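> Would you mind keeping the following structure in view while I ask a few things?
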Amino acid sequence: MITLKNIYKIYENGDTTTYASNNVSINIEKGEFVAIVGQSGSGKSTIMNIIGCLDVPTSGTYLLNNVDVSTMDDNELAEIRNKMLGFIFQQYNLIPKLNVMENVELPLLYAGLKPEERHERAMESIKRVGLLGKEKNHPSQLSGGQQQRVSIARALAGNPSVILADEPTGALDSRTGREVLEFLQKLNSEGNTIVLITHDNSIAKSANRIIRLHDGKVVYDGPSDVAEATVQAHVSFDEDPLLNSKEGGNET
């Protein structure tokens, strides 16, 4: 499903070279629930942007469903995002002037679907997230948890290959956050591939597998139910002739 091979993302600023992603290789299979975790500066946002086709690597290869997207231009990336990826954001990213149905239909409109199909698919997604009867409500008339469910419905409506959830509980209270995580687990049990981005170990443990980043490198990749999964590793970098300047991770 997702294959990152030797991914580097390098930023040059005068005499300073920053390695936001430093030789990262990751494989995520169809149907997995994976959390990519790390503190600010770890490189997790860089990897999320690459997986989400919001950015391209400086070097390396990214295969999504066996399609090489690592060298695509902006228009090609936009098409991949629309057809293959569903996004769930911390701040929901709903449009206030649109009602629930219109928010969920929006990516389908961009995809060029006919009104009847847009309505049918949006209604099915709204039903899946338990908001049937709220189709005409606007975001301001919903609780935070309900707004996040609208965001999830919008992500599901396009039948994406991968759902990317970026700190999906960050704007919610703990109880509502747990409900959202339980819903993501339910979606995964139904066969959806989910990549969760978070800095919070307790959130990451909702996934079956954790990939931990530190200074742009993978320092742990394995089951979420072992102690090593939630212990911040201390990384000492080996000398590498390719990395002849100070390495570091920068969130982008």
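The values are calculated or read from the model by the stated rules, or taken from the named source; none is laboratory data. All values derive from a computational prediction rather than experimental measurement. Cβ placement follows ideal geometry from the backbone for every residue including glycine, while neighbour counts extend to all protein chains displayed. To get the accessible areas, we keep the full protein, side chains included, count just its heavy atoms, and leave off ligands, DNA and RNA. Shrake-Rupley method; radii C 1.70, N 1.55, O 1.52, S 1.80 Å.
> Amide H of G86 versus every other amide H placed in the peptide plane: which residues, excluding those fewer than 5 positions away on the same chain, fall under 5 Å?
The answer is V162, I163, L164.
> On to the next question. Taking the Cα centre of the chain as the origin, how large is its charge dipole in debye, to the nearest 20, when only Lys and Arg (+1) and Asp and Glu (-1) carry charge on their Cβ atoms?
980
> While we're here: Would you work out which of S202, Q90, M101 lies farthest towards the positive end of the dipole of the chain, given +1 charges on the beta-carbon of Lys and Arg and -1 on that of Asp and Glu, about the Cα centre?
Most positive-ward Cα: M101.
> Which lysines, on any chain, are close to K136 with Cα under 23 Å apart, when same-chain ones fewer than 8 places away are left out?
Here the lysines satisfying the reach criterion relative to K136 are K97, K114, K127.
> How large, in percent, is the carbon and sulfur part of the accessible surface of the chain at a probe radius of 1.4 Å?
Carbon with sulfur: 46 percent of the solvent-accessible area.
> If you don't mind, there's one more thing I want to ask. Where only protein heavy atoms count, and the probe is 1.4 Å, what is the accessible area per residue for the stretch 110-165 in Å²?
For the stretch 110-165, the solvent-accessible area averages 50 Å² per residue.
> For a protection proxy built on the mean count of beta-carbon atoms within 10 angstrom, sort 87-99, 18-30, 108-120, 206-218 highest first, please.
Output ranking for 87-99, 18-30, 108-120, 206-218: 206-218, 18-30, 87-99, 108-120.
> What is the Rg over Rh value, at two decimals, for the chain, using alpha-carbon atoms and the Kirkwood definition of Rh?
0.99
> Please give the net charge around I210, taking every other residue with its beta carbon less than 12 angstrom from that of I210, where Lys and Arg add +1 and Asp and Glu add -1.
-1
> Right, another one. Got a number for the accessible area of M1? Probe 1.4 Å, square angstrom, nearest 10.
Per-residue accessible area (M1): approximately 40 Å².
> Report, in debye and to the nearest 20, how large the dipole of the stretch 113-221 comes out about its Cα centre when Lys and Arg carry +1 and Asp and Glu carry -1 on their Cβ. Spell out each step's value before the answer.
Numbers: 16 positive and 14 negative charges, 32 e Å.
The calculation lands at about 160 debye.
> How large is the accessible surface per residue of the stretch 1-82, computed with a 1.4 Å probe and reported in Å² as a whole number?
On the way: 3600 Å² over 82 residues.
Heavy-atom accessible area per residue stands at 44 Å².
> Right, another one. Dipole of the stretch 60-118, Cα-centred, from +1 at each Lys and Arg C-beta and -1 at each Asp and Glu C-beta, to the nearest 20 debye?
220
> Rounded to the nearest 5, what % of the DSSP beta bridges within the chain are antiparallel ones?
55
> Another question, if that's okay. Taking Cα pairs under 8 Å and at least six residues apart, what relative contact order does the stretch 149-227 come out at, in percent?
23
> Right, another one. Using only alpha carbon pairs under 8 Å that are at least six residues apart, calculate the relative contact order of the chain and give it in whole percent. It would help to have the intermediate numbers written out before the result.
Working: 512 pairs, mean separation 74.8, N = 252.
Computed over the chain, the figure is 30 percent.
> Amide H neighbours of I210 under 5 Å, counting only residues 5+ apart in sequence or on other chains, H built in-plane at 1.01 Å?
A35, G222, S224
> How many angstrom separate the Cα center of the stretch 47-78 from the Cα center of the stretch 183-218?
If we compute the Cα centre of each part, the gap is 20 Å.
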